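K.L.:
Structure provided below as structure tokens; questions to follow.
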Amino acid sequence: MEAPSLDSDIHFLKEKIKNGAEYIITQMFFDNLKFFAFVEKCRKGLITVSIIPGLKPIATKKQLNLILHRFSVDFLFFCRHFSKNSLYIFIFGI
């Protein structure tokens, strides 16, 4: 189920923290920039608990192919275009 908006997510996260949550674990994501933007928005909303990225370790080629097709991720695009630049490697987590 998708939240109506990021602002709605932030509102409910604040409620969860108010009721005792000590950290946040995000959903799995493929775009680090969106994660960084989410963290920034949380901090601006005065959410100070730890925010742990939801990651999926990829151990086999089959898992990689499944993710690439199911989520329309163009992993090879990132590898070809960004793998020689250390800043992009950091940003995209390659």
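The values are calculated or read from the model by the stated rules, or taken from the named source; none is laboratory data. Computed from a predicted model, the values in this text were never measured in an experiment. Cβ coordinates were reconstructed from backbone atoms using ideal geometry, including for glycine residues, and neighbour counts include every protein chain displayed.
K.L.:
Quick one: would you say PHE30 is outside any helix (DSSP H, G or I), among the hydrophobic types (A, V, I, L, M, F, W, C) and at negative phi?
P.N.:
yes
K.L.:
If I filter region 74-84 for residues that are surrounded by 12 or more Cβ atoms within 10 Å (Cβ to Cβ), under 27 Å from ALA3 (Cα atoms), at pLDDT below 90 and touching a Phe, Trp or Tyr at 6+ places or on another chain (Cβ under 9 Å), do I get at least one hit?
P.N.:
Yes; the residues of region 74-84 include at least one that is surrounded by 12 or more Cβ atoms within 10 Å (Cβ to Cβ), under 27 Å from ALA3 (Cα atoms), at pLDDT below 90 and touching a Phe, Trp or Tyr at 6+ places or on another chain (Cβ under 9 Å).
K.L.:
If you take the residues in region 1-27 that are part of a helix (DSSP H, G or I) and either in the same structural domain as ARG70 (by TED's automatic domain parsing) or among the aliphatic types (A, V, I, L, M) (or both), which one is nearest to the chain's Cα centre (by Cα)?
P.N.:
Among residues in region 1-27 that are part of a helix (DSSP H, G or I) and either in the same structural domain as ARG70 (by TED's automatic domain parsing) or among the aliphatic types (A, V, I, L, M) (or both), the one nearest to the chain's Cα centre (by Cα) is LEU6.
K.L.:
Inside region 8-25, can you point out the residues that are among the charged types (D, E, K, R) and surrounded by 11 or more Cβ atoms within 10 Å (Cβ to Cβ)?
P.N.:
Answer for region 8-25, where residues must be among the charged types (D, E, K, R) and surrounded by 11 or more Cβ atoms within 10 Å (Cβ to Cβ): ASP9, LYS14, LYS16.
K.L.:
Let me ask something additional. Check whether at least one residue in region 31-43 is β-branched (Val, Ile, Thr), out of contact with any Leu (no Cβ under 7 Å at 6 or more places or on another chain), surrounded by fewer than 12 Cβ atoms within 10 Å (Cβ to Cβ) and at pLDDT 90 or above, and report yes or no.
P.N.:
Checking region 31-43: not a single residue is β-branched (Val, Ile, Thr), out of contact with any Leu (no Cβ under 7 Å at 6 or more places or on another chain), surrounded by fewer than 12 Cβ atoms within 10 Å (Cβ to Cβ) and at pLDDT 90 or above.
K.L.:
Provide a single number: the residues in region 44-65 that are surrounded by 11 or more Cβ atoms within 10 Å (Cβ to Cβ) and part of a helix (DSSP H, G or I).
P.N.:
Number satisfying all stated conditions: 3.
K.L.:
Hey, among the residues in region 17-45 that are free of Cβ contacts under 8 Å to residues at least 12 places away in the same chain and among the basic types (Lys, Arg), which one's farthest from LEU87 (Cα to Cα)?
P.N.:
The extreme case among them is LYS18.
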